[in-house]
Every structure is written in structure tokens, then in C-alpha cells.
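Written out below as C-alpha cells is the structure these notes cover.
What follows is calculated from the coordinates using simple rules that are stated; it is not laboratory data. Since we're looking at a predicted model, the values are computed, not measured. Glycine also receives a Cβ, built like all others from the backbone with ideal geometry; neighbour counts cover every protein chain displayed.
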Amino acid sequence: MKARTTLYELLGLGPDATEAEIRAAHLLLVERYQSGTHGLPPVDADNRIKAIKEAYWILSEPGRRAAYDASLIQAKASSPLPLADGGLPLKVEISDVKWTPGRIMLTIIGGLMIVGMVIQIFFSLFAFKQAGRAASGEMAAEAQERVMAAERRQMYGNMSDAEIAEQESRERQERADSASRYEQERQERARRDEERRREEALRERTYYADRVSSDLERAEHAARQQAEREKRQKEEAERRVEMEEQRRVQERLSRERARWQQELRN
């Protein structure tokens with residue numbers, strides 16, 4: 001006879017498995033049957049993967065798992081008992097239940113109906129207790145007043161209501177003053193931070209302006225020096241030209257003087 005296999009057994013787990021264990025077993029088995037190292041025909045491997053995924057789909061959601069566990073408990077409770085003569089009843093082989101979406105939906109609806117009945121009973125008991133409490137409402141109110149009076153005596157001692165009101169007013173005023181001082185300090189810190197940022201920005205702009213001015217001065221000084229060098233070079237060139245011209249004039253005068261002297265001697 002073929003023994004009935006539960007979804008937990010299909011994943012290799014027990015009924016008390018955690019969600020993490022169910023997820024890990026599902027991933028491990030799917031990877032095993034998809035890797036081709038299982039030794040099963042492809043059709044059987046695909047059917048096994050489908051069954052594993054369907055088992056994971058049911059057991060991974062708390063509502064579906066609770067409905068399935070309830071069906072297991074019901075099936076175990078309705079299992080055949082031993083006969084009076086010590087023999088065992090006839091075992092009938094029942095194929096595994098096919099958890100179709102329709103069957104799962106009906107199971108979930110039945111579970112929700114049971115949960116609704118339990119909630120209704122709970123609220124009925126709660127309303128009954130509330131009715132009982134309403135009967136003793138005056139006693140509860142009186143006890144509450146006594147407790148509040150005891151707390152007031154413990155906090156304020158033997159002070160009168162006017163003194164208590166005055167002290168509470170002072171405490172409220174102190175809290176308001178404290179909140180106001182805190183807000184003023186916060187605003188002062190914000191103002192100082194803003195001034196510091198402005199000063200830093202001004203220093204940066206001043207530094208940049210000084211740097212640009214210094215660069216301009218250096219550029220102007222370099223330009224003046226270059227102009228002076230060019231001017232001196234031009235004047236030097238003009239002097240050389242003038243000296244060369246004077247030298248040629250002197251040579252010409254010397255030749256003319258020599259020629260005149262030669263003519264006078266002749």
C-alpha cells in the first residue's frame with residue numbers, strides 16, 4: 001500500500017518547520033531537480049518540481065498553512081481504529097489530495113468562517129464583562145477619585161486646591177519660559193552660523209579679489225618692463241645707426257680732405 005505523503009514530507013520537513021526552513025528546502029529541492037543530477041526522467045522531474053512549488057505555495061503563507069494543518073488534524077482524527085479482536089481494519093489506498101486553487105479557496109473560506117465565529121464569541125464575552133463592569137461603575141469612579149486624590153497628596157502634600165493650581169500655573173510658566181529660552185538660543189545659534197558663513201564668504205571674495213588684483217599688478221609690471229626693454233633696445237639701435245652714419249660722414253670728410261690736399265700739392 002502507498003502511504004499518504006504530506007506536503008511537509010514532500011519538502012523533507014516536519015510539521016513544526018519554520019518559514020525560513022520551508023523556503024530553504026523549496027529552493028534546495030527545485031535546484032536539485034532542475035540541475036539534472038536527480039536521475040529521474042525529465043517528465044517525472046518536472047512533475048516533482050510542480051509538486052514542490054505547490055507545496056511551498058501552500059506552506060509559505062500563514063493562512064493557507066493553517067488551513068492545511070487543520071485538514072491534517074482532521075484526517076488524523078478520522079483515521080480507522082483497531083478492531084475488537086486485535087486485527088486491523090481494511091486499509092483503503094487513497095491518492096494524495098490535489099490542492100487545486102478552488103479547493104484551497106474553499107478551505108481558506110472555511111478557516112475564515114471559523115475565525116469569525118471565534119471572534120464573535122470573544123466579543124460576546126467581552127460585552128458581557130463590560131456589562132458587569134458597568135454595574136459597578138460608580139464604585140470604580142469613586143476608587144479612581146481616591147487614587148487621584150492619593151497621587152495628589154503624594155505629589156503636593158497638604159496644599160490646598162488654590163495652592164496646587166498656583167503651583168501648576170508656575171510650572172506651566174516655567175516650561176513655557178524654558179521653551180522660549182531654548183527657541184531664542186536656537187535662533188541665536190542660527191544667526192551666528194549665518195554670520196559665520198557670510199564672513200567666510202566675504203573672506204573668500206576678498207582673497208579672490210586680492211589675488212586677481214595682485215595678478216593684474218604683476219601683469220602690468222611685466223608689461224611695463226617689456227615696454228622699457230623694447231624702448232631701450234630701440235634707442236640703442238637708433239644710436240648705433242647714428243654712430244654708423246657719423247662714422248661714414250667722417251670717413252667721407254677724411255677722403256675729401258686728403259683729396260683736396262693732394263690737389264693743392266699738385
Spin-label point model (7 Å from Cα, Cβ direction): what's the Glu31 to Asp161 distance in nm?
7.5 nm
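With only Lys, Arg, Asp and Glu charged, each at its Cβ (+1 for the first two, -1 for the last two), find how big the charge dipole of segment 155-251 is about the Cα centre; round to the nearest 20 debye.
Details: 24 positive and 29 negative charges, 142 e Å.
Dipole size: approximately 680 debye.
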Alpha-carbon centroids, segment 1-48 and segment 193-239: separation in whole Å:
83 Å
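Provide the gained length on full extension for the span Asp16 to Val249, in nm with one decimal, where the gain is 0.36 nm per separating residue minus the Cα-Cα distance.
Numbers: separation 233, 0.36 × 233 = 83.88 nm, distance 12.80 nm.
So the extension gain works out to 71.1 nm.
For segment 1-60, state the average projected area of the convex hull of the C-alpha atoms over all orientations, rounded to one decimal in nm². Don't skip to the answer; put the middle values down first.
Numbers: hull surface 17.6 nm².
Taking the Cα atoms of segment 1-60, their convex hull projects to 4.4 nm² on average.
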Once all Cα-Cα distances of segment 168-221 are split into 10 Å bins that start at 0, what whole-number percent is in each one?
21, 22, 18, 13, 11, 8, 5, 1
